[in-house]
Amino acid sequence: MSAFHIWTIGCQMNVADSRRLAESLQRYGLEAAEEPADADVVVLYSCVVRQQAEDRVHGQLHQLRQLKAERPQLKVVVAGCVSDIPDWRKRYPFVDLIAEPGQDLTVRERLIDLLDLSERYRFDPEQAVRIPGVSEGVTIHQGCNRACTYCIVPQTRGGERSRPPEVILDEVRRLTERGTREVVLLSQIVERYGRDLRPRVLLSELLHRLDSVAGLERIRFLTSYPGDFGNDLVEAIAELPKVCEDVNLPIQAGDDDVLRRMRRGYVVDHYRELIGRLRLRMPEIGLSTDIIVGFPGETETQFQHTLEMLDELRFDVVHVAMYSPRPGTVAATDMVDDVPREEKRRRLHAVEDLQKQIATRINDRYLGRTVEVLVEGTAKGRWYGRTRTNKLVHFASDQPLAGRVVEVTVSASEPWYLEGMFSDKPMLVVV
Ligand code: SAM
């Protein structure tokens, strides 16, 4: 057994979990293979949150069926989110392991058993050695105890579990030692972090501790749940120098009746008040949200309420998805998916069109301003990076700027990114 290939789709938590798994396997002496054909073990980090993602997982499994027929010694593992494990076992009997969803430590341990690695190397579970990366996701909390009627995550990722703050601090320190400048703290419902720990820890307390990590420049966290976003968190974002003014706060719909049937546990007014508090304290804060269009029973009037809400609250970014029934959820079982696909698509485009206008106006405000950009990479011969408010910025320079925080003056704005000129005065990163 010498090479592994990991294929990942879906949320940033899958990306972070697969990165940690890759690190562990490398510590056991396995090498990363570019292609499944060159691997002895293939791990799929699956996502079933939407039908499109699930279809791509099935596509991968069909290809692996062929590969396994040619090379029966190949090991195939499915991790991440899987909805109906008995059904998947029946459809894909060649899969060697469908790992318990959401428990990446279990995935790792079960893989070690499957590959019979335990005798060969000593494994220290929480002291991962990081692959250097300027911005890295760090899972801090798994699962979700809420019961939104459309969402499959509580089934696939199980109940809420927090990682102890010391373990997270250790991981972040190690990442920073290897060159990481920004960490994105990941959870499906990040404000719930620490409530299952004894003694209890608040996300704001974790942020305070992480803010003192030497060499770390920036901290972000996602995704939020509006019902649990307290003032302590608003203050932590405003006060802590490393915590970025950037919040992803999914509202899902702008109509109280739709929110009630989604069992979101808040009304639009509550959400509006929270946005008001955030903007009062941080007028420049970058805000994004998630919207589902075509939820069962969503009328045209209710959809118009969503457009009106978006026009009023003016987000920097809106992630919009057509409602996709997920087997086993309350919405799929007890409600009728009665908004036709074409109508869902029309509503999705209406949100996108409106958001394009809003984002254009917001980004125009950046013209001529000098912003602080963490340089994450290059694209088409230019550097790119992000502002603290999560605006993507492209600019040209022949200086070695990777991983540096630099000042860029914005010269052009587009709805989804900014263009700028490097001001030739790179800021020093204090390590
Ligand atoms: N913290 C988030 C929240 O408050 O809901 C949860 C993140 S959720 C796993 C990611 C996004 O996927 C959701 O915000 C929602 O917009 C979308 N999503 C989840 N289930 C969906 C479904 N059945 N159909 C369409 N979109 C869905």
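Can you name the residue in region 170-201 that is in a helix (DSSP H, G or I) and open to solvent by 10 Å² or more (accessible area, probe 1.4 Å) and, of all such residues, is nearest to the ligand (Cβ to nearest atom)? Give the derivation first.
Step one: list which residues in region 170-201 are in a helix (DSSP H, G or I), which gives 170-177, 190-192.
With the extra rule that they be open to solvent by 10 Å² or more (accessible area, probe 1.4 Å), the set shrinks to 170, 173-174, 176-177, 192.
Details: D170: 26, R173: 27, R174: 27, T176: 26, E177: 30, R192: 10 Å.
It comes out as R192.
Might you let me know whether region 41-48 holds any residue that is more than 16 Å from the ligand (Cβ to nearest atom), assigned to a strand (DSSP E or B), within 19 Å of the chain's Cα centre (by Cα) and closer than 19 Å to A99 by Cα? Please lay out each step first, then the result.
Looking only at region 41-48, we keep the residues that are more than 16 Å from the ligand (Cβ to nearest atom), and these are 41-44.
Imposing the further condition that a residue be assigned to a strand (DSSP E or B) reduces the set to 41-44.
Subsequent filtering for residues that are within 19 Å of the chain's Cα centre (by Cα) retains 44.
Retained after the next criterion (residues that are closer than 19 Å to A99 by Cα): 44.
Yes, there is a match, as at least one residue in region 41-48 is more than 16 Å from the ligand (Cβ to nearest atom), assigned to a strand (DSSP E or B), within 19 Å of the chain's Cα centre (by Cα) and closer than 19 Å to A99 by Cα.
When I140 is evaluated against the numbered criteria (1) within 28 Å of G385 (Cα to Cα); (2) surrounded by fewer than 20 Cβ atoms within 10 Å (Cβ to Cβ); (3) at pLDDT 90 or above, which criterion, by number, is the only one it fails? Going through the list (1) within 28 Å of G385 (Cα to Cα); (2) surrounded by fewer than 20 Cβ atoms within 10 Å (Cβ to Cβ); (3) at pLDDT 90 or above, I140 breaks only (2). Restricting region 389-407 to residues that are assigned to a strand (DSSP E or B) and not hydrophobic (A, V, I, L, M, F, W, C), which is surrounded by the fewest Cβ atoms within 10 Å (Cβ to Cβ)? Applying the filter and picking the extreme gives E407. Answer with yes or no whether Q26 is of a type in the set (S, T, N, Q), at pLDDT 90 or above and either over 30 Å from I292 (Cα atoms) or in a helix (DSSP H, G or I) (or both). Taking the combined requirement at face value, the residue does not satisfy it. Cβ separations smaller than 7 Å between residues 6+ apart or across chains give the following pairs from region 208-228 residues that are of a type in the set (G, A, S) to residues that are within 16 Å of the ligand (Cβ to nearest atom): S224/V190; S224/E191; S224/V247; S224/N248; S224/L249; G227/G265; G227/Y266.
Residues of region 136-149 being polar (S, T, N, Q) and more than 11 Å from the ligand (Cβ to nearest atom), which ones? Result: T139, Q142, N145. When T223 is tested against (1) open to solvent by 30 Å² or more (accessible area, probe 1.4 Å); (2) modelled with pLDDT of 95 or more; (3) β-branched (V, I, T), just one condition goes unmet, and that condition is (2). Taken as a whole, region 350-362 holds no residue that is assigned to a loop (DSSP other than H, G, I, E, B) and out of contact with any Gly (no Cβ under 8 Å at 6 or more places or on another chain). Which one of V375, V351 is among the β-branched types (V, I, T) and touching a Phe, Trp or Tyr at 6+ places or on another chain (Cβ under 7 Å)? Result: V375 is the single residue among V375, V351 that is among the β-branched types (V, I, T) and touching a Phe, Trp or Tyr at 6+ places or on another chain (Cβ under 7 Å).
Looking only at region 57-82, how many residues end up being open to solvent by less than 10 Å² (accessible area, probe 1.4 Å) and small (G, A, S)? I'd like the intermediate steps shown before the answer.
We begin by selecting, within region 57-82, every residue open to solvent by less than 10 Å² (accessible area, probe 1.4 Å); these are 57, 61, 64, 74, 76-82.
Then keep just the ones that are small (G, A, S); that gives 79-80.
Residues in region 57-82 being open to solvent by less than 10 Å² (accessible area, probe 1.4 Å) and small (G, A, S): 2 in total.
Against the definition (modelled with pLDDT under 90, open to solvent by 10 Å² or more (accessible area, probe 1.4 Å) and assigned to a helix (DSSP H, G or I)), how does A53 come out, yes or no? No: the conditions fail for A53. Among the residues in region 150-169, are any part of a loop (DSSP other than H, G, I, E, B), within 11 Å of the ligand (Cβ to nearest atom) and modelled with pLDDT of 90 or more? For region 150-169, residues part of a loop (DSSP other than H, G, I, E, B), within 11 Å of the ligand (Cβ to nearest atom) and modelled with pLDDT of 90 or more: present. Quickly run through region 156-169 and pick out the residues that are surrounded by fewer than 19 Cβ atoms within 10 Å (Cβ to Cβ) and either under 19 Å from G227 (Cβ atoms) or polar (S, T, N, Q) (or both). Answer for region 156-169, where residues must be surrounded by fewer than 19 Cβ atoms within 10 Å (Cβ to Cβ) and either under 19 Å from G227 (Cβ atoms) or polar (S, T, N, Q) (or both): just G159. Pick from region 170-194 the residues that are touching an Asp or Glu at 6+ places or on another chain (Cβ under 8 Å) and in contact (Cβ under 8 Å) with a residue 60 or more places away in the chain: which of them is farthest from R218 (Cα to Cα)? So the residue we want is V184.
So that you can scan it fast, the table gives a plain yes or no per residue for (1) over 19 Å from I291 (Cα atoms); (2) open to solvent by less than 40 Å² (accessible area, probe 1.4 Å); (3) over 24 Å from the mean Cα position of the chain (by Cα):
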site: E312; (1), (2), (3): no, no, yes
site: R341; (1), (2), (3): no, no, yes
site: I362; (1), (2), (3): yes, yes, no
site: Y366; (1), (2), (3): yes, yes, yes
site: E372; (1), (2), (3): yes, no, no
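Here the condition is being modelled with pLDDT of 85 or more and more than 16 Å from the ligand (Cβ to nearest atom); of L117, L64, L105, L111, it holds for L64 alone.
The values are calculated or read from the model by the stated rules, or taken from the named source; none is laboratory data. All values reported here derive from a predicted model rather than from experimental measurement. Every residue, glycine among them, receives a Cβ derived from its backbone with ideal geometry; neighbour counts consider all protein chains shown. We work out accessible area using only protein heavy atoms, side chains counted, and drop any ligands, DNA or RNA first. Shrake-Rupley method; radii C 1.70, N 1.55, O 1.52, S 1.80 Å.
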